[in-house]
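Please treat every number below as a calculation from the coordinates, not as lab data. Note that the coordinates shown come from a computational prediction; the quantities given were computed from them, not determined experimentally. Glycine gets a Cβ as well: all are built from the backbone with ideal geometry, and neighbour counts include every protein chain shown.
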Amino acid sequence: MERVKQEERQYQRFSRLNRVLHVVMIVSFMSLALTGMTLKFSYTQWAVILSRFFGGFESAGYIHRVAAVMMIGLFAAHFVDLTRRKRREHGTWRAMIFGPDTMLFNKRDLRDFIASLKWFLGKGPRPEYGRWTYWEKFDYIAVFWGITVIGSTGMMLWFPEIFTLIFPGWFINVATIIHSDEALLAVGFIFTVHFFNTHLRPEKFPMDIVIFTGRMPLEELQRDKPAEYKALIESGKLEEYLVEPYPPIVIRTVKAFGWTALAIGFSIVVWIIYAMVFAYR
Amino acid sequence: MNTVQPNVPRLFSSIAFLWFVVIVASLSGTPCLAQENSDCLACHSDKALAGTRKGKTIAVFVDEKKFGSSIHGSLACISCHTDLEKKELPHEEDLAPVNCGTCHSAEQELHSKSLHGKALSRGDPLAPSCKDCHGTHDILPSSNPKSTIAVLQIPFLCGKCHQEGAPVQRQRTIHQDHILENFSESIHGEGLLRKGLVVAPNCASCHTAHAILPHTDPSSSIGRRNIAATCTKCHALIEQVHRKIIKGELWEKEGNVLPACVDCHQPHKVRKVFYTQGMADKDCLRCHDNKDLKASKDGRLLFIHTEELASSRHNKTSCSQCHAGVNASRVRPCETITQKVDCASCHAEVGQQYQKSTHGALMAKNDPNAPTCKECHGTHGVLGKLNPQSATFATNVPDLCARCHREGQKAAMRYTGGQHGIIERYAESIHGRGLKKSGLTVTAMCTSCHTAHNVLPHTDSLSSVNTQNLPSTCGRCHHGIQEQFVQSIHATSIGKSDKKLPVCSDCHSAHTIRRADEEGFKLDIMTKCGRCHVDIAKTYFDTYHGKVSQLGYTKTAKCYDCHGAHDIQKVSDPRSHLSRDNVVSTCQKCHPGATRRFAGYLTHATHHDPEKYPFLFWTFWGMTSLLIGTFLFGGIHTLLWLPRALQMRRKRSKKVPDKNDTNPENSSSKENDGAS
């Protein structure tokens, strides 16, 4: 009986919308990366095969643009969600941005970062991380930067005839370099640093499915984000966030999806390293 | 009386001539005889006098007596040596050659159109000019028996060059042998030389004196169409004699159909015999119809298929026309044959081409591999190239050439160039498939490019497949392309480059030519351009267009989409597809909304050149620094984290047994996670 109770008491970290958006993000990001890479690394054999797999460069281009529209859509949806959440939970933008659970960097993050470095070097205890750690915030903000930079240059490449009504032709060349290198940065960072920080670090290995299920065991919350746990206990609001866990079939589905995403991500990393180190002309 | 009478008109005419000279001289008012012959002879009567011509020392002695008695004896020296007129004495050396045509313009004209004149203008050292037959200062009229051109002397005059062993006979293509010898034994020669009949024909009677042309020339006096007229100059009523065979006038009007005089009466060998008996094909077939007939020398079969001959191209040609040298007076007329069949005696032009070709050169060296006429054309069954049964019919030619040029065969064995498997490759090429699969007889096959008889290696500047000549060779069919190409920057007359300029085969290959709208060709062409334009090709592959084509897709701008294919010009040339006036419409072919600013896109951009493309260079390095910075930061952070994280995990797994008591299900599911 107690066992069942223990299972039921999981902490809900992500809302349904956020989880859906992350899945959409994964699908669109993977699609963009795979189709875009065929052009960037067109001098490799794997790019030729991959391009064939997507039905040729034109069809790969359509997939790339559909995925881009998906990503812009989810970006918009996230903004709408932010506005709603501001109204519901914080009242003002100011309260939201400078509140304790903000997604933007604040003094606490600087403290946590320094304390983390000390902990890494064995000169202090593990910091008491809060709801959003600084590396999670970095990933979050990077998406804003990435979508802005890659999205805007991508639009230039999508509609060069319109953009050259205003800009000189060589802007398209510049946009190409920025688009592709920024994409390389995004892909490389997500599939190595983000994968490690979130899934592969030994405490979470092989993956952390909280972004798909939205819920995590309480003891994991207690260990991973002690400050958040304490705050919830102190405010007595913990009960509000406790929900029943998903049945095993959902977990299995989620894990299958996660494995697929991880596998594609790692393959991409391997291909990129091969292309840049061994096949570069 | 009889002895005096002829002298009267001669005396009269010479007096009249002297008067004429005096009158003309006085009327002109200038001293046109300023240099009297005596002035010239003051020096030139010296037998030891020497001068130079083109650096060579020559005797310039003029025999006054001989000159005086020559037909030109009454003329002034300077009327022939016109360049000495009004020159001070002693004059300069190296005089201009005397132009006989000043007075003898009609003869001069005939000579210049003749075989001799053409050879002379080609600079052939063996070609005869006026003086080689007529002499110089000692020219005598033809009526003088001592003249070189006296009727009785002519055979020996012509024989100087045209007798067996003379350089002309040895080094030039003369299809008749033993000319002087045969002539002297012929009924004509016998009459002229032995019986002294001055009305008997000499060489010039048939060949003319000045208008000597090969028998293949339609205007030649010995051409097939004219030979009857030439013979009937003397044999006026010969038609009546031959009426039974040749039906009178048809003989002359349809000289190409009916036998001409020379078909029976061989030139230079004519005898007074009944040729119809000895020379007819049926007389040959008396023996050669025998299926078992074999040569006594080497045992080869000598049987002639009459049906084969009858359906051949030469069905109207009699045996003796090809197998020349028969003697009709013998029981076996063929026993006098000494030479092999010489096709060039009729096909003179083709024969000359063959002699200059690689095939002919091998033949001249007696190479056993050398193909002669019959190797390609066959012998008695020879068919025209328009007959589908013929080995030389368009669709059969590749197989014909393949007999020697297929890999492993004799021609391919001795070939040292870079073209291999040509027969197989040709068969797969657009030309080969057009010819063989589509049966298009107008498709290019071996001889379309290499010619039939003028076959030469591509290294020979006269070869049809030499780099210089290739555009016009391909242009014989692809004329429109040639017109564009010769105007383009790649044409040798226009392009200036240290590197070898490309011709058709450099992009299209020689034997592996593919359709230009084939995917493979379209992609391949970029590496072809890139062989010379190395840098520009590399930078092309750095841009979108290049990357797409590198992936193997053709629906993107390739070299020729922008620069043109055969009409490539410098970008600075107003005719270029990329000139200021044309570039926008060139972009619009694929990008309908393209503007002048759009055309500013750098299609050959590279971010490795800070001089040429600083914006791209700095953008690239800016982005690269961002990448390196971010990865360094993330990477170091992760690496530092790793040992602590492992430590945490180890600590936690030590606690697991404690937890197992309270929450066994949870931890077992975790283990499963790790394993899955």
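Pair-distance distribution of chain A: all C-alpha pairs, bin width 5 Å, starting at 0; shares per bin in whole percent are 1, 5, 9, 14, 16, 16, 14, 10, 7, 5, 3, 1, 0, 0, 0. Modelled spin-label separation between B:Gln487 and B:Cys234, with each label point placed 7 Å from Cα along the Cα-to-Cβ direction: 6.2 nm.
With the convex hull of the Cα atoms taken as the outline of the protein assembly as shown, the averaged projected area works out to 71.7 nm².
Once you list every other residue whose beta carbon is under 13 Å from the beta carbon of A:Thr92, what net charge do they have if Lys and Arg are +1 and Asp and Glu are -1?
Values: positive: A:Arg85, A:Lys86, A:Arg87, A:Arg88, A:Arg94; negative: A:Glu89.
Every neighbour counted, the sum reads +4.
Between B:Ser38 and B:Leu640, the modelled labels are 12.9 nm apart [label points 7 Å from Cα along Cα→Cβ]. Rounded to the nearest 10 degrees, the angle from helix B:664-675 to the longest Cα principal axis of chain B is 10 degrees.
The gain in end-to-end length when the B:Arg313 to B:Lys282 segment is fully stretched comes to 9.3 nm, 0.36 nm per residue minus the alpha carbon separation. Fewest-first ordering of A:Lys123, B:Lys269 by other beta carbons within 10 Å of each residue's beta carbon gives A:Lys123, B:Lys269.
With a ≥ b ≥ c the root eigenvalues of the C-alpha gyration tensor of region B:395-468, is it rounded (a/c under 1.5), prolate (a/b larger than b/c) or oblate? Before the final figure, lay out the partial values.
Working: a/c = 1.88, a/b = 1.27, b/c = 1.48.
Here region B:395-468 falls in the oblate category.
Normalised by the number of residues in region B:287-386, the average gap of Cα pairs under 8 Å and 6 or more apart makes the relative contact order 24 percent.
In straight-distance terms, cross-link reach from A:Lys137 covers every one of the lysines whose alpha-carbon lies under 28 Å from its own, apart from those fewer than eight places away in the same chain; here that gives A:Lys86, A:Lys107, A:Lys118, A:Lys123, A:Lys204, A:Lys225, A:Lys230, A:Lys237, A:Lys255, B:Lys651, B:Lys670. Using R0 = 22 Å, the C-beta based FRET efficiency linking A:Ile249 and A:Glu219 works out to 0.40. Both numbers refer to the Cα atoms of chain B; Rg and Dmax are 42.2, 171 Å. Averaged over the residues of B:36-44, the number of partner chain Cβ atoms lying within 10 Å of the residue Cβ comes to 0.
In order along region A:49-60, the phi-based Karplus estimate (6.51 cos²θ - 1.76 cosθ + 1.60, θ = phi - 60°) of 3J(HN,Hα) comes to 5, 4, 5, 4, 4, 7, x, x, 5, 6, 5, 4 Hz; Gly and Pro are listed as x. Measuring r between the beta carbons of B:Thr336 and B:Ala119 and using R0 = 30 Å, the FRET efficiency lands at 0.45.
Within the listed set A:Thr153, A:Thr213, A:Thr260, the Gaussian network model of chain A (springs between alpha-carbon atoms below 10 Å) gives the highest mean-square fluctuation for A:Thr260.
Report the paramagnetic label zone for B:Val442: residues of region B:465-481 whose backbone N is under 14 Å from a point 7 Å from Cα along the Cα-to-Cβ axis. It comes to B:476-480, nothing else.
List residues of region A:197-238, by number, whose backbone nitrogen lies under 18 Å from a label position 7 Å along Cα→C-beta of A:Leu262. Flagged as within label range: A:197-217. Taken about its Cα centre, region B:348-508 carries a charge dipole of about 140 debye when Lys and Arg each add +1 at the Cβ and Asp and Glu each add -1 at the Cβ.
In the Gaussian network model of chain A, springs joining C-alpha atoms below 10 Å, which of A:Ser152, A:Ser180, A:Ser31 carries the largest mean-square fluctuation? The residue that fluctuates most here is A:Ser152.
Using the count of nearby Cβ atoms within 10 Å as a rough guide to exposure, how do A:Ile114, A:Ile147 rank from fewest to most? Before the final figure, lay out the partial values.
Values: A:Ile114 12, A:Ile147 18.
Sorted ascending by nearby Cβ count, the order is A:Ile114, A:Ile147.
Shape verdict for region B:284-358, please, from the Cα gyration tensor: rounded (a/c under 1.5), prolate (a/b greater than b/c) or oblate. Taking the square roots of the gyration eigenvalues as a ≥ b ≥ c, region B:284-358 is prolate. Fully extending the segment from B:Leu95 to B:Leu75, taken as 0.36 nm per residue of separation minus the present Cα-Cα distance, adds 5.4 nm.
In deg cm²/dmol and to the nearest 500, what is the mean residue ellipticity at 222 nm of chain B if only DSSP H runs of at least 4 residues count, each as -39500 (n - 2.57), divided by the residue total? Could the numbers behind the result be given before it?
On the way: 38 runs with 305 residues, N = 676.
Helix-only estimate at 222 nm: -12000 deg cm²/dmol.
Can you classify region A:37-115 as rounded, prolate or oblate using the Cα gyration tensor, where a ≥ b ≥ c are the square roots of its eigenvalues, rounded means a/c under 1.5, and otherwise it's prolate if a/b beats b/c and oblate if not?
On the way: a/c = 6.44, a/b = 2.07, b/c = 3.11.
Oblate.
Given contacts defined as C-alpha pairs under 8 Å and at least six residues apart, what's the relative contact order of chain A, whole-number percent? Computed over chain A, the figure is 32 percent. Would you work out which of B:His377, B:Gly546, B:Ser505 lies farthest towards the positive end of the dipole of chain B, given +1 charges on the beta-carbon of Lys and Arg and -1 on that of Asp and Glu, about the Cα centre? The Cα lying farthest towards the positive end belongs to B:Gly546.
The charge dipole of region B:498-614, taken about its Cα centre with unit charges on the Cβ of Lys, Arg, Asp and Glu (plus for the first two, minus for the last two), comes to roughly 140 debye.
Which of A:Tyr140, A:Tyr246, B:Tyr354 has the fewest other C-beta atoms within 10 Å, and how do the rest follow up to the most? The partial results should precede the final answer.
Details: A:Tyr140 12, A:Tyr246 17, B:Tyr354 23.
Lowest to highest Cβ neighbour count: A:Tyr140, A:Tyr246, B:Tyr354.
A Förster radius of 22 Å, combined with the Cβ-Cβ distance separating A:Met276 from B:Asp609, puts the computed FRET efficiency at roughly 0.60. Each residue, B:Leu523 and A:Arg84, gets one label point 7 Å from its Cα in the Cβ direction; the gap between the two is 4.9 nm.
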